[in-house]
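Only the coordinates and a few stated rules stand behind these numbers; no lab work does. Just so it is clear, the structure is predicted and the values come from calculations on it, not from any experiment. Positions of Cβ are backbone-derived with ideal geometry, glycine not excepted, and every protein chain shown enters the neighbour counts.
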Amino acid sequence: MNEPGFMRRACVAASTALLFLSAGCATVDTAPEANTPAANTFEAAPARNWRGGAMVAAANPLAVDAGLKVLGAGGSAVDAAIAIQAVLGLVEPQSSGIGGGAFLLHYDAATGDVVAYDGREVAPVGASSTMFLDESGKPLSFPAAIQSGRSVGVPGVVAMLELAHREHGRLAWAQPWQAAIELAERGFAVSPRMREIAQMAERFTTLAPDARRYLTTDGKTILPVGHVLRNTDYAATLRQIATQGARAFYSGPIAQSIIAAVAQAPRPGTLSLADLASYRAVKHEPVCRPYRIYEVCGMTPPSSGGIAVLSVLGILANFDMAANDSNTPQGWHLLIEAQRLAYADRDKYVGDDRFVHVPVDGLLDTNYLQSRAALISRSRAMATVSAGTPPGAPPSGADHTGPSTGTSHFVVVDARGNVVSMTTTVESLFGSQRMASGFFLNNQLTDFSFRAVDDAGVAIANAPAPGKKPRSSMSPTLVFKDGQFLLGVGSPGGNSIIGYVSKTLVGVLDWGLTPDAAIELPNVVARGPVLVEESRFDAPLLEQLKSLGHTFRPGRGAEGSGLHAIMVRPDGTLEGGADSRREGEARALDTAGP
Ligand code: GLU
């Protein structure tokens, strides 16, 4: 079902009701209504004579191949997204897969509609506000919480892709899955990054038994680069999804294998067949705001990504960023200060808006952001930063969920000019490290605050609850100019995503860089202690920033981006960007033929 004019309605209500079970296991057939109407005034226009061609920018060349193959067969951007996701789940299982969740922003070139699909994981009916506390009431350590059944939310990717395909697919549902099925049966060469992340997971948490079986040759030796890994269980799972649809995932043998994996010790979870059967992907109006001569659209709650990225931009709109480019300490100083203010608000006010009031309009109110910008001094870093009180703000405790390194972002433009910007995740490295039917299960519920109230006893917006979605930072973004699609971008990186994406947007929109050049700029993430990618900064520039009073947290921490972007050049052709910090690429569909 396509709904022309979706963007034009003020209401944010999902078009597909979220079904979830109450504690008494009675079926409730409408979701608690999202309570945060975002006052968009923007209407994108249908594409004018699209001649840009088609392109994929994704985190692994095999996934790019699969996406381009689908586009070459006349598939839509959503068809290609299915193929890309299916292959990423195989070749980049450390980051995303069908056992996880995702957000997808879609631009429909025929109607101009911009829609946000929400495939975020949901906490099971058995979840509670104390699920991440130990017997003495103290928060569990991150490794203990991650490697548990409690961390696994109902996976949402498959349902979300099915919903998006129903509305925007051109090929039969079964077709885009084929490349991944063949690759899983034939085997693929383990990439340097997959090996590196498996080693990292072994160091960070010690691999859980399923991950150890899958990622080592003999229980000890991590799969070497180039090792040909086959996964016939995954192929069989995808085949069932391809032939029967998403219901093959949410009920029957695949669902049973998920429940069995979650129920294992240590720290078994409560996820049930009823939780799986009642999952529904939903659709939102994205949050869009003007930025200079552009319109920027991002993800609404339960992601904080769109709001926080737009907060950064809304604060920077009060400064002349073009005059303070990437070679100037002023440019970076302003970006850091704007991030600090935006992160403080995001930490305090954003959670699942079906459960807590999120003051989206207040947080993005022009006057409010002007008042936030007025806190910035041009000559001195702010000594401290705290959340403001935007119009309509409820009392709320702040929380700091931990950093993570899973996740993948890809952008697709199809031959008709439709666009997908999708961020997808199993949360941590290989998710919970538990496997079912050939794929890893997410640990997305550790994105909840582990505590329900802060030190002052104020309820935390992002506390866990049954049927609730954990707050995300994922920031799939679409930028428009004169109503026409200009740029799609996003990144993995946990809560650092907001820093990575806002830097890239400033790089392209204010500093006039190509997507690649903007992606390769040093990352800065100013949430609490400021993280900078020192190796990419000119030493004198860094010294000038320090002399403005900035202190940077030593060590790594800002290198976790995996930014992928596609932009329309002034001549109407496409230009892609792929982050050299990972192993992806941006490649156009060669329409010349063999
Ligand atoms: N789970 C995180 C989120 O939804 C993303 C994790 C990552 O990017 O590594 O914000």
Given the DSSP H assignment, sum -39500 (n - 2.57) over each helix run of at least 4 residues in the chain and divide by its residue total; what's the result at 222 nm in deg cm²/dmol, nearest 500? -9000 deg cm²/dmol
If you plug each phi of segment 124-135 into the Karplus form 6.51 cos²θ - 1.76 cosθ + 1.60 with θ = phi - 60°, what whole-Hz ³J(HN,Hα) values come out, in order, with x for Gly and Pro? x, 4, x, 6, 8, 5, 10, 5, 10, 10, 8, 4
Scan around LEU563 for amide H atoms under 5 Å from its own, H built in the peptide plane at 1.01 Å from N, and keep only partners 5 or more places away or cross-chain. ASP579
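Once you list every other residue whose beta carbon is under 15 Å from the beta carbon of LEU207, what net charge do they have if Lys and Arg are +1 and Asp and Glu are -1? Walk me through the numbers before you get to the answer.
Numbers: positive: ARG195, ARG203, ARG212, ARG213, LYS220, ARG434; negative: GLU196, GLU202, ASP210, ASP218.
Neighbourhood net charge equals +2.
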Return the long-range amide H neighbours of TRP173 (sequence gap of 5 or more, or a different chain), with a cut-off of under 5 Å between placed amide H atoms. none
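Can you compute the equivalent ellipsoid semi-axes for segment 165-224, i.e. the square root of 5 times each eigenvalue of the Cα gyration tensor, sorted largest first and rounded to whole Å? Can you show the working numbers first?
On the way: eigenvalues 207, 37, 22 Å².
Computed over segment 165-224, the values are 32, 14, 10 Å.
How many percent of DSSP beta bridges within the chain run antiparallel, rounded to 5?
Details: 65 of 68 bridges.
Roughly 95 percent of the beta bridges in the chain run antiparallel, per DSSP.
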If N is the residue count of segment 323-378, its Cα Rg over 2.2 N^0.38 Å rounds to 1.36
Between LEU541 and ASP320, what FRET efficiency follows from the Cβ-Cβ distance if R0 is 30 Å, with the result rounded to 0.05? 0.95
Binned Cα-Cα distances of the chain, short to long, each 10 Å bin given as a whole percent: 4, 19, 31, 28, 15, 3, 0
Segment 416-439 scanned against label point 7 Å out from THR243 along Cα→C-beta; backbone N under 18 Å for 437-438
Along the principal axes of its C-alpha atoms, what lengths does segment 112-173 span, in descending order and rounded to whole Å? 54, 23, 21
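Quick check on the exposure proxy: order LYS348, LYS138 from fewest to most C-beta atoms within 10 angstrom. Intermediate results must be reported in sequence, preceding the final value.
Details: LYS348 26, LYS138 10.
With the fewest neighbours first, LYS348, LYS138 line up as LYS138, LYS348.
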Among VAL356, SER191, HIS284, the residue whose Cα sits farthest towards the positive end of the charge dipole of the chain, when +1 is placed on the Cβ of each Lys and Arg and -1 on the Cβ of each Asp and Glu, is SER191
Charges on Cβ only, +1 for Lys and Arg, -1 for Asp and Glu, centred on the Cα centroid of segment 527-594; of LEU589, VAL532, GLY576, which one is farthest towards the dipole's positive end? VAL532
Whole-Å semi-axes of segment 501-540's equivalent ellipsoid (Cα gyration tensor): 19, 13, 8
Those residues of segment 457-494 whose amide nitrogen sits under 20 Å from the label point placed on LEU133, 7 Å along Cα→Cβ: 457-471
Rounded to the nearest whole number, the per residue volume of the convex hull around the C-alpha atoms of segment 72-222 in Å³ is 153
Can you list the residues, at least 5 places off or on another chain, whose amide H is less than 5 Å from the amide H of LEU486, using H built in the peptide plane? VAL479, PHE480, LYS481
So, R0 is 41 Å and r is the distance between the beta-carbons of GLU43 and GLU182; what FRET efficiency does that work out to, to 0.05? 0.45
By Cβ neighbour count within 10 Å, fewest first, LEU334, LEU574 rank LEU574, LEU334
Tell me, GLU92, GLU135 in order of fewest to most beta-carbon neighbours within 10 Å? GLU135, GLU92
Please work out whether segment 247-293 counts as rounded, prolate or oblate from its C-alpha gyration tensor, where a ≥ b ≥ c are the square roots of the eigenvalues and a/c under 1.5 means rounded, while otherwise a/b larger than b/c means prolate and anything else oblate? prolate
